Structures are given as structure tokens and as C-alpha cells.
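Everything below concerns the one structure shown next.
The values are calculated or read from the model by the stated rules, or taken from the named source; none is laboratory data. Owing to the predicted nature of the structure, the values given are computational and were not obtained by experimental measurement. No Cβ is skipped: glycine too gets one built from the backbone with ideal geometry, and neighbour counts run over all protein chains shown.
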């Protein structure tokens with residue numbers, strides 16, 4: 001999914017804070033995806049958890065009729081998009097020729113690399129959308145890779161009272177085959193009412209717990225719905241306790257990224273000049289020229305025009321050390 005903010009600000013990524021509970025901020029996306037999302041990454045308190053650099057949580061939202069999700073082709077660079085649904089169905093098309101459905105419990109992973117464009121449209125049968133959209137920053141050594149798309153269906157495994165679906169990396173003996181460019185973890189956990197588990201985690205990783213539904217404590221600390229609990233490196237277990245409603249959560253993690261990134265609209269680069277170049281290429285090749293041979297390719301099957309990029313801010317975008 002795209003970041004469809006009308007006036008996306010500069011997002012400078014670093015990892016200075018060790019704040020434990022990150023509150024979401026409401027972001028009205030407007031435009032063709034007229035819905036609000038609850039964003040916990042990036043924010044002032046923390047910009048990355050491992051290589052994870054963007055977390056939007058949305059729904060359950062009605063999308064039938066005029067409210068259906070229709071996101072025209074839009075670009076990405078320097079990242080992987082992780083699409084994960086709890087309810088609904090979305091049709092994905094991209095300029096590598098990939099055509100797939102995003103369904104609950106199934107990973108759609110798009111590696112943008114040097115540049116890609118994709119579209120997303122909720123299917124006619126979908127009346128409610130509920131899910132999360134996450135981005136993974138690519139290391140500098142890999143951000144120029146050729147774009148590609150993967151679909152992976154994790155097998156649910158039991159760990160104590162929890163049901164675990166690992167869609168990136170590995171956890172409790174279960175592993176994903178999806179491509180990762182950094183040490184990483186992504187999983188959904190479901191806990192029944194009053195269940196408690198002590199989860200073994202990699203002490204070299206930072207971790208984040210996003211509560212989707214129900215009630216949950218993380219290491220004895222209450223975590224509200226749509227909030228993100230952050231845990232720094234050095235922790236080898238994570239204690240999760242569900243309340244009377246049970247709990248559904250996403251667990252993300254990874255080794256500290258160790259690089260500064262500049263993130264603006266749907267582009268990730270390392271400098272202001274990177275972002276300017278990406279925007280100029282998108283506007284020139286796709287919006288003005290519709291050049292299928294350009295770095296973003298084309299989606300000839302989409303029955304409409306691509307999204308133009310917003311206007312850049314009047315100041316230089318600067319990465320922070």
C-alpha cells in the first residue's frame with residue numbers, strides 16, 4: 001500500500017530513543033484510499049525497529065460500494081512492502097508482471113529495490129478491510145537490486161497456548177522462505193483468553209509488539225490496541241499475557257539497522273538528492289511520459305492513470321547520523 005498523505009513530511013530515521021510504548025498517531029490518507037490509519041512507525045520517539053521503518057494499522061473499516069479501496073499505480077524505492085490482512089481481500093498488480101491477491105494470514109512481499117510501481121484494489125466481495133501495512137528498509141548494499149514479488153503462506157504452529165504464523169525470519173522452530181536482506185522477524189500470534197506464553201527471542205534483535213485486537217500485557221506492562229511495545233536488544237524472552245478477550249498481535253524485530261535513511265512519500269534513499277532523483281524519474285517517465293522502459297516499469301493492465309508525486313518541501317531533506 002502507498003503512503004497517500006497529501007503533504008508527506010520529511011522522515012529522518014535514527015534509533016536514539018528507548019521508549020517502551022509507542023502511541024499511534026491518526027493519519028488521514030484521503031484521496032483514492034479515503035481512510036484513516038494508525039501509524040506507530042516512524043515517529044519522534046523511534047524511527048526503526050531493526051530494518052522495520054513503517055507500520056500502519058487500519059480497520060476494521062467498511063469498504064463496500066463507493067468506499068472501496070482503489071489505489072492507482074504508485075512508486076516505491078529502497079524498501080520491501082509487507083502486506084498483511086486480518087479481514088478482506090486486495091488485488092495486487094505491479095510492474096514486474098506480478099498479479100496476486102492479498103488474503104488474511106498470507107504474506108505478499110514486494111521488493112522495490114531500484115524502483116517499482118504497483119496498484120491495489122479491494123475485491124468486489126470485500127465489505128470490510130482490516131490489516132497492517134509495513135515497510136522494511138533495504139541496506140545500502142541492496143537497495144539497487146532488481147524488483148521482484150513473493151507470496152508466502154505461513155503454516156500455523158502451536159507454542160504453548162499461542163498460535164504462531166511466521167511470515168519473515170524464524171521463531172519457535174518455524175521459518176519463512178520469503179527473502180530477507182537483513183536479520184529480521186515478522187510473525188502473527190494469537191492467544192486465547194487468559195493465555196500466557198514466555199517467548200524465546202533473539203537477544204541481538206530489537207523487537208516491537210503491535211496489538212491488533214483484544215487485551216495484552218508485554219513483560220507485565222499493559223499494551224493498548226494499536227500501540228507498539230518496543231524492546232531493545234539484550235532480551236532473550238518476551239512474556240505475553242492475554243486478557244479475557246484473548247489477543248491478536250504482530251511481532252516484528254531485527255538486528256539494529258545501523259544506517260540512516262531519508263524517507264519521503266513512497267521513496268527511501270540516503271540523501272535529499274536521492275529523493276529528488278526518484279521523484280523526477282517518476283514524474284518524467286510515468287506521469288508525463290508513460291515510459292515502460294524507465295526504472296519504474298509499467299502496469300498495462302491497470303485501467304487508469306498513475307498517482308503523481310506530491311510537491312517536495314521547500315527545504316533540503318537531510319539524514320541524521
Which of the residues that make up region 177-214 are part of a strand (DSSP E or B) and surrounded by fewer than 18 Cβ atoms within 10 Å (Cβ to Cβ)? 196, 198, 200, 213
Would you mind finding the one in 81, 77 that is under 23 Å from residue 48 (Cα atoms) and in contact with a helix residue (DSSP H, G or I) (Cβ under 6 Å, 6 or more places away or on another chain)? 77
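Listed here are the residues, each with its yes/no results for (1) at pLDDT 95 or above; (2) not in a loop (DSSP other than H, G, I, E, B).
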position: 113; (1), (2): yes, no
position: 118; (1), (2): yes, yes
position: 121; (1), (2): no, yes
position: 126; (1), (2): no, no
position: 131; (1), (2): yes, yes
position: 134; (1), (2): yes, yes
Mind listing just one residue for me: the one in region 124-142 that is within 14 Å of residue 84 (Cα to Cα) and buried (at least 19 other Cβ atoms within 10 Å of the Cβ) and, of those, nearest to the chain's Cα centre (by Cα)? 134
Residues of region 73-89 being surrounded by fewer than 21 Cβ atoms within 10 Å (Cβ to Cβ) and either assigned by TED's automatic domain parsing to the domain that holds residue 213 or outside any strand (DSSP E or B) (or both), which ones? 89
Identify the single condition in (1) out of contact with any strand residue (DSSP E or B) (no Cβ under 7 Å at 6 or more places or on another chain); (2) buried (at least 20 other Cβ atoms within 10 Å of the Cβ); (3) at negative phi that residue 265 does not satisfy, given that it satisfies every other one. (3)
Which number in (1) farther than 20 Å from residue 240 by Cβ; (2) assigned by TED's automatic domain parsing to the domain that holds residue 57 marks the one condition that residue 132 misses? (1)
Condition check: closer than 15 Å to residue 262 by Cβ and in contact with a helix residue (DSSP H, G or I) (Cβ under 6 Å, 6 or more places away or on another chain). Does residue 316 satisfy that? yes
Just wondering, is there one or more residues in region 278-292 that are within 28 Å of residue 141 (Cβ to Cβ), touching a helix residue (DSSP H, G or I) at 6+ places or on another chain (Cβ under 8 Å) and not assigned by TED's automatic domain parsing to the domain that holds residue 93? yes
Being farther than 20 Å from residue 252 by Cα, touching a residue at least 60 places away in the same chain (Cβ under 8 Å) and surrounded by 16 or more Cβ atoms within 10 Å (Cβ to Cβ): is that true of residue 92 here? no
Single unsatisfied condition, residue 221 versus (1) touching a residue at least 40 places away in the same chain (Cβ under 8 Å); (2) exposed (fewer than 15 other Cβ atoms within 10 Å of the Cβ); (3) under 16 Å from residue 189 (Cβ atoms): (3)
Odd one out for residue 281, checked against (1) farther than 21 Å from residue 181 by Cβ; (2) touching a strand residue (DSSP E or B) at 6+ places or on another chain (Cβ under 6 Å): (2)
Only residues that are outside any helix (DSSP H, G or I), surrounded by fewer than 17 Cβ atoms within 10 Å (Cβ to Cβ) and over 20 Å from the mean Cα position of the chain (by Cα): list them for region 268-297, please. 271, 289, 290, 291, 292, 293
